[in-house]
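The structure appears right after this line, and notes come after that.
Quick note: the coordinates plus some simple rules give every number you see, no bench work behind them. Fair warning: this is a prediction, and the values are worked out from it, not measured in the lab. Counting neighbours? That spans all protein chains shown, and the Cβs are built from the backbone with ideal geometry, glycine included.
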Ligand code: G4P
């Protein structure tokens, strides 16, 4: 029994979020190097040698990007760490958001010369919704970067989270000398020829003038002032970190391997073992020996020849053992999970066991849907659902060949069921066309590609100008009789709900003003 508890205790499952190019792939790779999961740099590299993590879809190869998020596991300092990677491309999808549902904490990578960028903001919002701990790594300090104080202030202002600098940079770019670790009162020196070299560190008394001899008089004075300023500021509060209210900030340089180890150590100390998840019967204790999990992602077509799908599930309690019988709550069926596997950096491995906190992928012949709960026979409960996010891009889509209507509907519905796209229709029209809504525009290409490849349907696709979607929760008349502003359109989803799609967010004001009694809610919904 103690092994079960020990195993779960040592699990840490986190997602890395960043705007493209901030250095997420480089940082992931350094983590894996520390864990010995990969032997050399370049194995995880997103763009060039990207086949390493995921080459499942042709479209990924063509574009040289990772469309889907992947999961990697490695060991470090006695911990078993699961990293959930999110696509590093501008065109990300709802999948990216959902991946965050499987994480217990997040590492936010920020480019020191750029600060908070658009995608960081979006992903942060989802993490903040869940209240998970968020750690900030300000990267590329070996390059000219912005004032560190200004960067911390920007994180606070733009993202609405407090920050606490764990270390403080001494210069940047060509002048970068290292960082001062506040808790240990040590300077970690940035090696001259940095690349991959382990840096030296010494304990210092910042008031000792000898420090000035080492880092230069002016830098010493600036560092003293800045550290004093920090000291007069916010106190470190572990509880606030664990509630997602305070983000510990580390400065470093992933490429030159500088500051990664202290970051990882700090991160492991401050994060907790897998947290309990809420189900309809209450909280499910992570350490309960009964296996339970929920599906947070479905990856289709990993092997084109078989048109198979992989359902990724996060284990929420207990231990998973291969070949034991499990219960799929939504279908009410007992089953054995087929070919359970985990990603080990560059390889997928069939596994025999896994514990709460781990992510496993299982082959799926169309049984699972996003949000489904898997338990042990005899235990019946459902984990609270996974949110569906508001699409931001829309297309009117129809089959080029009207004879293919049936395949068109089947394909669109199945792909929507996997959660890659959302589909709507215009009220009182047939199924000759659907409105497809996505979070990231790349999903349109994926959709088009899959409709042709898997369902043999060529598509007519026409971009629509909508940017937002609201569910009509109360209406004074039939939705189609509402007074709409230019560019707005009433839609229906496949659950029969009425929605309004529109362009600028100001339209909400117009709609409410011109339709007394109308009530709109954001379309972020939770599937149960
Ligand atoms: P991403 O996954 O967040 O998109 O970023 P990625 O790690 O691919 O890094 C983006 C670029 O930034 C890469 O350069 C990478 O080498 C560089 N980079 C990452 N961390 C650091 C750092 O600490 N310092 C400096 N100076 N550069 C860093 P690239 O030229 O686009 O790609 P590559 O030729 O290195 O593969």
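Modelled spin-label separation between residue 239 and residue 200, with each label point placed 7 Å from Cα along the Cα-to-Cβ direction: 4.3 nm. Considered as an equivalent ellipsoid built on the Cα gyration tensor, the chain has semi-axes of 42, 28, 22 Å, the largest given first. The stretch between residue 352 and residue 149 holds 68.3 nm of extra length on full extension. This uses 0.36 nm per residue minus the Cα-Cα distance.
The convex hull built on the alpha-carbon positions of segment 435-528 has an orientation-averaged projected area of 7.3 nm². If I take R0 = 35 Å and measure r between the Cβ atoms of residue 513 and residue 156 in this structure, what FRET efficiency does the formula 1/(1 + (r/R0)^6) give, to the nearest 0.05? After rounding, the FRET efficiency stands at 0.50. Extension gain for residue 338 to residue 461 (0.36 nm times residue separation, less C-alpha to C-alpha distance): 40.6 nm.
Segment residue 407..residue 473, full-extension length gain: 20.5 nm, with 0.36 nm per residue of separation and the alpha-carbon distance subtracted. Sketch the reach of a paramagnetic label on residue 288 as a point 7 Å from Cα along Cα-to-Cβ, and name the residues of segment 348-385 whose backbone nitrogen lies under 14 Å away. Only 356, 373-384 fall inside the zone, counting backbone N under 14 Å. Take the convex hull of the alpha carbons in segment 202-263; its mean projected area over all directions comes to 5.7 nm². Dividing the mean sequence gap of close Cα pairs (under 8 Å, 6+ apart) by how many residues segment 364-437 holds gives a relative contact order of 32 percent. When peptides 149-158, 95-104 are sorted by average Cβ neighbour count within 10 Å, with the highest value leading, the order is 95-104, 149-158. I need the shape label for segment 484-524. Rule: rounded when a/c is under 1.5, else prolate if a/b > b/c, else oblate, with a, b, c from the alpha carbon gyration tensor. Here segment 484-524 falls in the prolate category. Annotation: peptides 324-331, 170-177, ranked by per-residue average of other Cβ atoms within 10 Å with the highest first, follow the order 170-177, 324-331. Hey, if you drop one equal point scatterer on each alpha-carbon of segment 342-432 and run the Debye formula without solvent, what base-10 log of I(q)/I(0) do you get at q = 0.12, 0.23, 0.25 Å⁻¹? The computed values of log10 I(q)/I(0) come out as -0.63, -1.31, -1.41. Here the spin labels are modelled as points 7 Å beyond Cα on the Cα-Cβ line, and at residue 280 and residue 321 they lie 2.9 nm apart. Computed packing ranks the peptides 458-471, 130-143 as 130-143, 458-471, most packed first, by mean other Cβ atoms within 10 Å. Modelled label positions at residue 209 and residue 222, each set 7 Å beyond Cα in the direction of Cβ, lie 2.2 nm from each other.
Our summary gives segment 420-469 a relative contact order of 25 percent, counting only alpha carbon pairs under 8 angstrom and 6 or more residues apart. With the Cα gyration tensor of segment 369-528 giving a ≥ b ≥ c as the square roots of its eigenvalues, does the rule (a/c under 1.5 for rounded; else a/b larger than b/c for prolate; else oblate) give rounded, prolate or oblate? Oblate, since a/c reaches 1.5 and b/c is not below a/b.
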